[in-house]
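S.K.: My structure is below; once you've seen it, I'll send some questions.
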Amino acid sequence: MKRTATIVGQGYVGLPLAQAAVEAGWQVYGLDVTASLVEALNSGTSHVDDLSDADVATMIEQGYRATTDAAVVAESDVVVICVPTPLSDSGGPDLKAVRQSSTSVGAHLKPSTVVILESTTYPGTTEDVLIPILESQSGLTAGQDFDVAFSPERINPGDPVYGVKNTPKLVGGISDHSTQAAVGFYSDFVDEVVPVSGPKEAEMAKLLENTFRHVNIALVNEMSKFAHDMGIDIWEVIRGASTKPFGFMAFTPGPGVGGHCIPIDPNYLAHHVQKELGYPFRFVELAQEINNSMPEYVVHRSADILNEQERSVKGSRILVLGVTYKPDIADQRESPAVAVAERLLARGAQLSYHDPYVKSWHLADRTLRSVTDLDTALAEADLVVLLQAHRAYDLASIEARSAVLFDTRGKSEGIRL
Ligand SMILES: NC(=O)c1ccc[n+]([C@@H]2O[C@H](COP(=O)([O-])OP(=O)(O)OC[C@H]3O[C@@H](n4cnc5c(N)ncnc54)[C@H](O)[C@@H]3O)[C@@H](O)[C@H]2O)c1
C-alpha cells in the first residue's frame, strides 16, 4: 500500500516537495488555505516558476491531490509544514501561518505520524511553538506518540542545477527515532540526507546559510561604492580574487537584496538574539543597513550618469530592465527594483520598464505595464538601467541600442555599478 504524505503550504517550497514525493511513489495531499490555488492545482495549473502545468498534470496522475481540508492529516504517515514566515509590521518574526497550520494539523493528528517543519524560522520554534500546539490540539505526546523534526528548506527557485533531489537535506529530530523517521521520508527522493543533533541546530544552520550570504553581499556592495570612488573596477577585483582556489567565494554587488530569504531570515535570528539574550547580532544589522542603501546608490549613480549627458533625472526617460529579485524567474518578492523605481519617480523621471517575466508591475501609487516594443523603448530612453540580467537579454545588443546603459549586475561592457 502507498504511504501518504500531506504537504502543508503549496508555494515555492511545498509544491516542488510534493512533486518529488509523489514521483517517489507517495500518495500526496497538498494542503493549503487558499481555495483558488487548490482549485487551480487540481485542474493542472502551476503557479510556481519551477513547475509547468504539465508537471502538475503528471503529479495528479501519480496520486497528488490539492485540498483545503485538513482532515487528510488523519490519513497521513508524514506531514510536512512549508508555510510562509514573513516579518511582522514591527520587523520581528510573524509565525501566524506556522501557528495556524500547526493548529489544523494537531486537530487531526493520529499516533505514529511524523511531523516535519520546513519553514525558515528562529531556533526553538519547533520545540517551543510547534510541539505545544500539536500536543494541545491532539492530546498526544511528542516523542512518545508521534515524531517531530525540523528540516530547513534550501530550494533555489530558477536554479537549473540544484533541485530537491541533489541538494543535501538537513534533518534534526527531537529524538533519534524522530530524526531517523524524517531521514527515512526524505531518503526516498533526496540523494543525501544529513542528520544533525536536534531541531535547534537544523533551524540555526539555515539561518547561518542565509546570514552568510547577506553579509557577503553587503561586503561587496560596500566595496563597490568606494572602488568606484577610487577608480577601481570592482568586477575585475572580484574576477581576480575568484581565481584563488581556496578560502574565497565570489559574491557580486547589485541594486540591493530581494526574495523571501535574504532580506528576511537573518532578522529572525537577530530579533531572537536581542529578545532572548538582550544584545544585538551586529553583522546582520550592518549588512541590512548596507544592502538597504543600494537602491539609493543606484539612483545617485544614475543621476551622475545623466549629469554627464547634461541631463537631470527630472524629465529624463529612464527605462529599467528586469524587475524581479533574481534572474530568469517571475518572483518579485522584496525586489529592490521597487525601491529604485520609486526613488526615480520621486525625482521626476519618466519611468518605464521591461521584464519578460512581469507583465504588470505594482508600485506604491501606480501600476506600470511592461513595454512591449523593447527596440523602440531602448531607442527612446535617455538612460537604460539594467537591474536584473535575465538570460533572455542580449546585453551586447541592448548596449548598442541604448543612449547609455547603466549595468548594476556587471554583465555587460556598459557603465557598471
Ligand atoms: N521560496 C524560497 O525560495 C524559499 C527558500 C528556502 C526557504 N523558504 C521558506 O519556506 C517557507 C515557505 O515559503 P514559500 O516561498 O513556499 O511561500 P509561498 O508564499 O510561496 O507559499 C506558502 C503557501 O502556504 C499557504 N499557507 C499560508 N498559511 C497556511 C496555513 N495556515 N495552512 C496551509 N497553507 C497555508 C499559502 O496559501 C501559500 O500557498 C518560508 O518559511 C520560507 O522562508 C523559501
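S.K.: Per DSSP H run of n ≥ 4, the term is -39500 (n - 2.57); total these for the chain, divide by its residue number, and report the mean residue ellipticity at 222 nm rounded to 500 deg cm²/dmol.
M.R.: Value at 222 nm, helices only, nearest 500: -12000 deg cm²/dmol.
S.K.: Would you work out what percent of the accessible area of region 4-197, with all protein chains in place, is carbon or sulfur (probe 1.4 Å)?
M.R.: 49 percent
S.K.: Could you pull out every residue, at least 5 positions away or on a different chain, whose amide H is within less than 5 Å of the one on PHE146? Hs are placed 1.01 Å off N in the peptide plane, and Pro or chain starts have none.
M.R.: Sorted by chain and number, the residues that satisfy this are SER112, THR141.
S.K.: Additional query: For the chain, with the dipole built from +1 on Lys and Arg beta-carbon atoms and -1 on Asp and Glu ones, taken about the Cα centre, which of LEU140, VAL22, VAL257 lies farthest toward the positive end?
M.R.: VAL257
S.K.: Lys/Arg Cβ at +1, Asp/Glu Cβ at -1, dipole of the chain taken about the Cα centre: which of THR376, VAL105, SER43 is farthest positive-ward?
M.R.: THR376
S.K.: Which value, in debye to the nearest 20, gives the size of the charge dipole of region 1-103 about its Cα centre, when Lys and Arg are +1 and Asp and Glu are -1 at the Cβ?
M.R.: Taking the Cα centre of region 1-103 as origin, the dipole is about 340 debye.
S.K.: Quick one: grab Rg to one decimal and Dmax as a whole number for region 317-404, Cα atoms only, in Å.
M.R.: Both quantities, over Cα of region 317-404: 12.0, 34 Å.
S.K.: Find how many whole Å separate the alpha carbon centroid of region 66-126 from the alpha carbon centroid of region 133-156.
M.R.: Rounded to whole Å, the Cα centres lie 8 Å apart.
S.K.: What whole-number value in Å² describes the accessible area per residue of region 206-290 for a 1.4 Å probe?
M.R.: Solvent-accessible surface per residue comes out at 56 Å².
S.K.: Let me ask you something else. Pop a pseudo-label 7 angstrom from the Cα along the beta-carbon direction at both SER36 and GLU310 and give the gap in nm to one decimal.
M.R.: 5.2 nm
S.K.: List the longest stretch of the chain that has no exposed loop site; here a site is one of the chymotrypsin sites (Phe, Trp or Tyr not before Pro) assigned by DSSP to anything other than H, G, I, E or B, with at most 12 other Cβ within 10 Å.
M.R.: For chymotrypsin sites (Phe, Trp or Tyr not before Pro) (loop position, at most 12 other Cβ atoms within 10 Å), the longest site-free span of the chain is 249-417.
S.K.: Pick from VAL340, VAL193, VAL273: which is most flexible by mean-square fluctuation in a GNM of the chain where alpha carbon atoms under 10 Å apart are linked?
M.R.: Judging by the Gaussian network model, the answer is VAL273.
S.K.: While we're looking at this one, here's another question. For the chain, what is the charge dipole size about the Cα centre, in debye to the nearest 20, if Lys and Arg each add +1 at the Cβ and Asp and Glu each add -1 at the Cβ? Intermediate results must be reported in sequence, preceding the final value.
M.R.: On the way: 33 positive and 54 negative charges, 111 e Å.
Charge dipole of the chain: 540 debye, to the nearest 20.
The values are calculated or read from the model by the stated rules, or taken from the named source; none is laboratory data. All values reported here derive from a predicted model rather than from experimental measurement. For neighbour counting, all protein chains shown are included, and Cβ atoms are generated from backbone atoms with ideal geometry for every residue, glycine included. The protein model used for the area step is the full one, side chains on, heavy atoms only, and it has no ligands, DNA or RNA in it. Shrake-Rupley method; radii C 1.70, N 1.55, O 1.52, S 1.80 Å.
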